[in-house]
Amino acid sequence: MTSILESEGPVVLPALLLCDFGHLAREVDRLEEAGAQALHLDIMDGRFVPQLTYGPVVVEAIRKAAGVPLEVHLMIEEPQQSLADYAKLGAEIITVHVEALADPVEVLEEIRSLGSRAHLAISPGTPVARIEPFLDDCDGVLVMSVEPGYGGQAFEPQALDKLARLAAIRRDRGSRFWLGVDGGISTETIAAAAAAGAELIVAGSAVIRAADYGRAISELESLARGAI
Ligand code: DX5
Ligand code: ZN
């Protein structure tokens, strides 16, 4: 599996949520040409979150168009029913919300057994303590810095404390999980997120609403790298 974080520090993962879905393959090409090292796909079911986006059929089209790793961020109820679909489509990272899981360990183990990295997301209202027991069972944690459901919302700074707390736990335990952040990332907020420990940094509107994706990604990445 490609390791996104092989060497050089924090990485920006563009989120496709606000892209031009009428020209999806072209958007994927543009993002890759712009230097995206991985893509973040927001799967919403209209139940776990109010909005409904897309599912495996569209992820398959993205998979065919993309040469870089994919993270599927499952904002859906009963995510365990969809894991095999997304793993079969070659999602390198499958991110599930702890709030949607009755038995996180079982689901994380299943994701790993399907050959994907198992990442655990926490919404703004969920304390780090809720996922502490599962940190050795996952390959990454995604700290939501907005309420999941929509792109273009404002960054919630409480996420910084969570990132710092998780980074400290990782250091103390010698764990290896990756730390991610998702929501409201911009040139104003990315440095603080990276300084708090975020390595996989999801950016939706900050990239997709920019005229030049390449310039947006490199500006964000250099601010993140300058902060650590
Ligand atoms: C929100 C999604 C995010 C979203 C980020 O529910 O999980 O991935 O696309 O968009 P921005 O960066 O605009 O907040
Ligand atoms: Zn997301």
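The values are calculated or read from the model by the stated rules, or taken from the named source; none is laboratory data. In this text the structure is predicted, and so the values were computed from the model without any measurement. Because the Cβ atoms are built from the backbone with ideal geometry, glycine has one as well, and the counts that use them run over all protein chains shown. Keep in mind that these areas ignore ligands, DNA and RNA; they rest on the heavy atoms of the full protein, side chains included. Shrake-Rupley method; radii C 1.70, N 1.55, O 1.52, S 1.80 Å.
Students sometimes get this wrong: rank TYR213, TYR150 by accessible area, probe 1.4 Å, all chains present, largest first.
Ranking TYR213, TYR150 by accessible area, largest first, yields TYR150, TYR213.
Zone of GLN51 (label point 7 Å along Cα→Cβ, backbone N under 18 Å): which residues in the range 134-161?
143-156
Round to the nearest 10 and report in Å² the accessible area of THR53, as given by a 1.4 Å probe over the protein chains' heavy atoms.
THR53 exposes around 40 Å² with every protein chain in place.
Over the range 11-225, what is the relative contact order in whole percent, taking alpha-carbon pairs under 8 Å and six or more residues apart?
Reported as a whole number, the value is 20 percent.
By average Cβ neighbour count within 10 Å, what is the ranking of 172-178, 160-166, 80-86 from highest down?
160-166, 80-86, 172-178
Treating the Cα atoms of the chain as identical point scatterers in vacuum, please give the log10 of the normalised Debye intensity I(q)/I(0) at q = 0.09, 0.12 Å⁻¹, two decimals.
Log10 I(q)/I(0), no solvent term: -0.31, -0.57.
Please give the residues of the range 105-146, grouped as numeric ranges, whose backbone N is less than 11 Å from a label point set 7 Å along the Cα-to-Cβ vector of GLU99.
Output list for this probe position: 122-127, 144-146.
May I ask you to compute the full-extension gain from ASP20 to LEU114, defined as 0.36 nm times their residue separation minus their alpha-carbon distance, rounded to one decimal in nm?
So the chain would gain 30.8 nm between ASP20 and LEU114.
Distance from the Cα centre of the range 127-154 to that of the range 7-72, in angstrom?
So the two Cα centres are separated by 19 Å.
Gaussian network model of the chain, Cα springs within a sub-10 Å range: biggest mean-square fluctuation belongs to which of VAL12, VAL207, VAL57?
VAL57
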